[in-house]
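Everything on this sheet refers to the single structure shown next.
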Amino acid sequence: GLLRAEELGLQVFHGGTALKDGRVVTSGGRVLSVTAVRQDLMEALGEANRGVATIHFQGATFRRDIGHRGLRLLRRPLYVSTAQMFLPASPRCSPMPLTSGPPLLGLQKGSLLLPALLPVSPSHHVLQVAQVCKRHDTIGQDLVALCVNDLLAQGAEPLFFLSHLSCGKLDAEVMETIKEGIAEACRSAGCAFLGEEVTEVAAPCAPGLCDLAGFAVGAVERGQRLPGLQRAREGDALLGLGSPGIHGRGFGVVRRILLTSSLRCSSPAPGSCGDTTLGGLPFLPRRLRGRGCSRRAGPALLPILRSGHVKGFAPTAEGLLGGISRLLAEHVSAVLDALSWKIPEIFGWLYKEGNLSAEEMAQTLPCGIGAVLVVQKELAQHVLQDIQRQQEAWLIGRVVAPCHTAGSHIEVENLAEALQLSSPQQLLDTSTAEIQPQPRKRKVKVAVLVSGAGTALPALIGSAREPGSCAQLVLVISNRPGVPELRSAARAGIPTRVIDHKLYGSRSEFDSTIDRVLEEFSVELICLSGFMRVLSSPFLRKWKGKILNASPSLFPLIKDGNAQQEPLESGFKVTGCTVHFVLEEPGAGAAIRREPLPAGPGDTEAALGERLQEAELRAFPLALQLVASGAAWLGAHGRTCWRR
């Protein structure tokens with residue numbers, strides 16, 4: 001019934017299955033997971049159950065309660081407490097109402113309370129960049145700004161903020177620094193900071209890493225919530241609030257550039273940024289600057305939002321296009337002119353250093369705009385002047401009739417030109433010993449060779465899809481049919497070929513066939529992900545410096561034996577993973593990136609093997625980006641060279 005489930009438009013994830021004689025058989029307890037994505041929960045639940053009903057095997061059982069708790073929650077009416085329980089109020093405001101949940105605050109008739117919740121965890125690039133640069137004072141400020149801006153987007157006044165910090169080992173100094181940043185941001189936003197809960201988690205956690213979550217509550221009079229996308233009409237004006245920094249998903253781009261270029265937070269800042277370092281530039285989370293709730297303009301912006309002249313307000317935490325799309329209904333589109341506002345120099349630097357396209361810049365970065373307002377054309381200049389008394393703002397575009405494609409469409413004119421004009425005169429001081437990737441006009445075409453034993457392909461696919469990636473995966477070749485990597489590539493839209501080595505009389509004939517297919521797809525780089533065939537010397541000589549592989553060891557590279565067992569038996573305290581160029585005679589000089597791991601007496605082969613696999617998933621994509629960007633290449637003497 002697997003094919004029938006796929007015909008119904010469902011995704012079936014395999015957990016405990018195996019291939020036997022060309023058929024899928026069970027090989028574990030939790031065998032399959034059937035997933036449906038639909039417009040609402042009820043429809044998705046019904047379709048998923050239909051898919052389950054089409055699949056049969058001996059002893060099959062499945063849960064019948066999945067999704068029903070969600071349905072009960074959706075049917076539950078909103079609870080409003082009328083109990084008179086008050087928290088201490090700040091001198092500047094009286095207690096306000098609370099919806100949903102246990103009674104905390106007294107209810108005032110005619111008001112609505114709106115919550116905003118935002119987690120920041122090690123998977124959130126804001127926290128990763130700040131931790132790398134040891135700038136914990138700004139993390140809390142960025143978190144408060146994101147929550148408060150979501151309240152401002154509703155026309156609500158922020159009332160109070162709560163936070164929760166969890167870590168493996170408590171660092172009192174870091175905790176206090178984060179707390180001070182939150183308190184300062186709350187003062188700037190005009191809301192109360194009710195406190196911070198701190199938890200030391202029992203599970204192992206890497207030193208210095210932590211999870212941070214924020215919860216803000218605001219209030220707005222009934223009838224005064226911003227109408228949002230339903231009110232934006234053709235001819236309306238778009239106003240942009242200036243922002244010199246980066247926020248939200250843009251930190252993922254910053255982190256990738258810092259990693260793949262081997263730059264450090266201590267590296268000199270580009271262009272005319274003075275004597276500061278990269279760690280001191282405004283792409284780190286800052287003091288509520290330019291986020292609609294800027295350091296001083298946040299409270300002052302509320303009267304403008306509540307004046308009745310503003311149809312919609314949206315921060316650009318999801319990128320310039322993401323912010324504007326929140327304001328547009330499907331029946332309208334928008335046109336912006338990037339030459340109409342000032343783009344800070346740092347965005348021009350990221351544009352060049354990250355090898356980003358103008359479209360990628362608009363999708364992932366704010367490009368100098370912290371928030372966007374929709375106003376009626378006749379009132380645009382009046383509202384603009386009111387905002388400019390508090391902070392930088394510009395008339396950046398207009399709402400237009402819809403294009404012929406489905407849904408709203410946003411066009412940013414002259415963005416590439418504006419970014420070039422904002423670029424610093426020089427990227428970095430060439431006297432530094434830091435490695436830089438060289439921006440490319442096009443992406444390098446990459447093929448991945450697999451045999452079904454590797455795990456790096458999904459990580460390579462994800463890395464190639466990141467904004468600013470210098471690599472494009474154009475082909476996956478397997479010497480065995482039916483391996484999972486072929487399905488992963490097909491789902492990602494990557495062409496696949498099966499070249500079965502059993503059908504060829506010699507290794508050279510097999511390699512020649514692979515070579516012809518690589519030439520057919522104009523491949524420039526090759527990655528080996530669990531490829532279990534030894535490549536011939538003529539093939540290695542032709543593709544010298546163009547083949548990358550990951551070995552589960554540091555140096556010397558373990559050619560024979562057990563890569564997990566040898567460090568334990570030898571008493572090594574450090575092992576790891578090495579991504580290197582593939583040569584006829586391997587050597588330490590061909591290494592591109594090493595990912596060291598501590599190996600202790602308590603480690604088992606299985607545990608160490610899992611950790612080495614995780615290290616490979618981190619190291620391989622970064623090494624590919626270094627080579628594809630031109631930051632690393634194989635020199636004439638078989639050693640890796642680095643661009644300074």
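Numerical summary
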item	result
Candidate aspartates and glutamates for bridging to residue 544, where Cα separation is under 12 Å - those fewer than 8 sequence places away on the same chain excluded	524, 584, 585
Extent along principal axes [Cα atoms of region 444-642; Å; largest to smallest]	49, 36, 34
Neighbour-limited loop hits for chymotrypsin sites (Phe, Trp or Tyr not before Pro), region 1-64 (at most 15 other Cβ within 10 Å; DSSP other than H, G, I, E, B)	57, 62
Candidates per trypsin sites (Lys or Arg not before Pro) in region 363-403, loop by DSSP, up to 15 other Cβ within 10 Å	389
At most 11 other Cβ within 10 Å, DSSP loop - GluC sites (Glu not before Pro), region 347-377	none
Share antiparallel - DSSP beta bridges, region 444-642, percent rounded to 5	45
Region 444-476-region 340-397 distance, computed between alpha-carbon centres (Å)	34
Across 169/443; 352/546; 311/342; 352/377, pairs whose alpha-carbon gap is larger than 32 Å	169/443; 352/377
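Values in this text are rule-based calculations from the coordinates and carry no lab data. Remember, it's a predicted structure, so these values are computed and weren't measured experimentally. Quick reminder, even Gly has a Cβ in these numbers, built from the backbone with ideal geometry, and neighbours come from all protein chains shown.
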